[in-house]
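Read through the structure below, which is laid out as C-alpha cells, and then see the notes.
The values are calculated or read from the model by the stated rules, or taken from the named source; none is laboratory data. Nothing here was measured: the structure is a model prediction, and the numbers come from that model. Here Cβ is always computed from backbone atoms with ideal geometry, including for glycine, and neighbour counts include all displayed protein chains.
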Amino acid sequence: MSEIQKDRQILAGVAVPDTKLVASALAYARRACEPYLYNHVVRSWLFAARLGQLRHIHHDEEVVAVGTLLHDVTLNERFNEPRRFEVEGADLARSFARESGVDDRRAQLIWDSVALNSTPSIGLYKEAEVALCTAGICLDVVGLQYDALPPDEVQQILLAYPRLGMKRLMTQCFCHIARTRPETTYDNFVRDFGERLVADYRAPSSVDSVERAPFDE
C-alpha cells in the first residue's frame, strides 16, 4: 500500500495523488519538456504508480510522482552542463523538492530516482520509491516489465499520453549530447548512441584508466 490515501485523481485510468506538490511537479515538467518528453514522463509516472499498486508495494506516492515527472528536465538540445544529464537533473529536482517544503530524506530519494533513472542495474535494487521510478521509466523507454501491466491499461495510458515519435526524437537528443558534451556520456547509456550514431565519437576505455593509474601495482 502507499502512504497517501486521500487527495486522489484519476489519470488515464490510474489513481494517483492530487496534491499541491504533484501539481507543481506536473507544471514544472510541462514547462521544461517538449511535448513528446512531457508525455513520456507522465506515462512513466503512471506506469510506476500502477506497478506499485499491482504489486502492493509500500511507497511514498509523492516521491514517485516527483521523481518520474522531473527525471528528464535536462534531456534536451539546450543541455550544455559539465556533468551527465541525469546528475544535473537530479540537482534541479532536489532543489525543487526542498523549495516545495519536502524534507531532506524524501528530497534525497527524489535525487536518487532522477540520477539513477537510466541505470536500472542499480536503481531497481534501491528503496521502493527509486525502484518504482526506475521501473516506470524503463517500461516506457525499453519495454522492461511491459507484460506486468494489463494490455488494456497500457493502451489507455498511451491513448491519453501518446508517444509523439519518442524513439526518433529521444535518439536525436541523445546524439546531440554525445556530439556536444561527449565527456558527460562515457559512463552512461548515451555512450551507446554516440558509438553507433555519432561520427568521430570516441570514448576512453576503462582498461586504459586502470593501467594508467598512478600506482606501481
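Between a residue in the range 131-160 that is under 14 Å from residue 53 (Cα atoms) and any residue that is in a helix (DSSP H, G or I) and of a type in the set (Ser, Thr, Tyr), which pairs come within a Cβ distance under 6 Å, given they are 6 or more apart or on different chains?
Going by the 6 Å Cβ cut-off, the qualifying pairs are 133/68; 133/113; 136/44; 136/68.
With the requirement that a residue be over 24 Å from residue 122 (Cα atoms) and in a loop (DSSP other than H, G, I, E, B), what does the range 182-217 give you? Walk me through how you get there before you give the answer.
Of the residues in the range 182-217, the ones over 24 Å from residue 122 (Cα atoms) are 196-202, 208, 211-217.
If the condition is that a residue be over 24 Å from residue 122 (Cα atoms) and in a loop (DSSP other than H, G, I, E, B), then 198, 199, 200, 201, 202, 212, 213, 214, 215, 216, 217 are the ones that fit.
How about the range 113-126: which of its residues are in contact (Cβ under 8 Å) with a residue 40 or more places away in the chain and over 17 Å from residue 187 (Cβ atoms)?
If we filter the range 113-126 for residues that are in contact (Cβ under 8 Å) with a residue 40 or more places away in the chain, which is where we start, we get 113-114, 117-119.
Answer for the range 113-126, where residues must be in contact (Cβ under 8 Å) with a residue 40 or more places away in the chain and over 17 Å from residue 187 (Cβ atoms): just 113.
Report, by residue number, each residue of the range 73-98 that is closer than 23 Å to residue 63 by Cα and of a type outside the set (A, V, I, L, M).
Selection gives 74, 84, 85, 86, 88, 89, 91, 94, 95, 96, 98.
Just give me the residues in the range 83-95 being part of a helix (DSSP H, G or I) and in contact with a helix residue (DSSP H, G or I) (Cβ under 6 Å, 6 or more places away or on another chain), in sequence order. Break it down stepwise before answering.
Going residue by residue through the range 83-95, those that are part of a helix (DSSP H, G or I) are 85-95.
Those that are part of a helix (DSSP H, G or I) and in contact with a helix residue (DSSP H, G or I) (Cβ under 6 Å, 6 or more places away or on another chain): 86, 87, 89, 90, 93, 94.
Residue 63 - would you say it is β-branched (Val, Ile, Thr), part of a loop (DSSP other than H, G, I, E, B), within 19 Å of residue 102 (Cβ to Cβ) and in contact (Cβ under 8 Å) with a residue 12 or more places away in the chain?
For residue 63, the condition - β-branched (Val, Ile, Thr), part of a loop (DSSP other than H, G, I, E, B), within 19 Å of residue 102 (Cβ to Cβ) and in contact (Cβ under 8 Å) with a residue 12 or more places away in the chain - is not met.
Please find, among 127, 77, the residue that is in the same structural domain as residue 32 (by TED's automatic domain parsing), of a type outside the set (S, T, N, Q) and modelled with pLDDT of 95 or more. Steps first, please.
Details: 77 fails: modelled with pLDDT of 95 or more.
From the options 127, 77, the qualifying one is 127.
Listed here are the residues, each with its yes/no results for (1) in the same structural domain as residue 45 (by TED's automatic domain parsing); (2) under 14 Å from the mean Cα position of the chain (by Cα); (3) in a helix (DSSP H, G or I).
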residue	(1), (2), (3)
102	yes, no, no
108	yes, no, yes
112	yes, yes, yes
117	yes, yes, no
139	yes, yes, yes
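Residue 195 is checked against (1) farther than 26 Å from residue 39 by Cα; (2) at pLDDT below 95 and fails just one. What number does that condition carry?
Condition not satisfied by residue 195: (2).
Identify, from the list 161, 186, 146, 201, the residue that is surrounded by 12 or more Cβ atoms within 10 Å (Cβ to Cβ) and either farther than 26 Å from residue 113 by Cβ or among the charged types (D, E, K, R) (or both).
201
Identify the single condition in (1) in the same structural domain as residue 110 (by TED's automatic domain parsing); (2) charged (D, E, K, R); (3) surrounded by 13 or more Cβ atoms within 10 Å (Cβ to Cβ); (4) farther than 25 Å from residue 63 by Cβ that residue 195 does not satisfy, given that it satisfies every other one.
Among (1) in the same structural domain as residue 110 (by TED's automatic domain parsing); (2) charged (D, E, K, R); (3) surrounded by 13 or more Cβ atoms within 10 Å (Cβ to Cβ); (4) farther than 25 Å from residue 63 by Cβ, the lone unmet condition for residue 195 is (1).
Among (1) in contact with a strand residue (DSSP E or B) (Cβ under 8 Å, 6 or more places away or on another chain); (2) within 18 Å of residue 59 (Cα to Cα), which single condition is residue 111 missing?
Going through (1) in contact with a strand residue (DSSP E or B) (Cβ under 8 Å, 6 or more places away or on another chain); (2) within 18 Å of residue 59 (Cα to Cα) one by one, residue 111 breaks only (1).
Looking at the range 169-181 only, could you name the residues that are part of a helix (DSSP H, G or I) and in contact with a helix residue (DSSP H, G or I) (Cβ under 9 Å, 6 or more places away or on another chain)?
Once the filter is applied, which keeps residues that are part of a helix (DSSP H, G or I) and in contact with a helix residue (DSSP H, G or I) (Cβ under 9 Å, 6 or more places away or on another chain), the range 169-181 yields 169, 170, 171, 173, 174, 175, 177, 178, 179.
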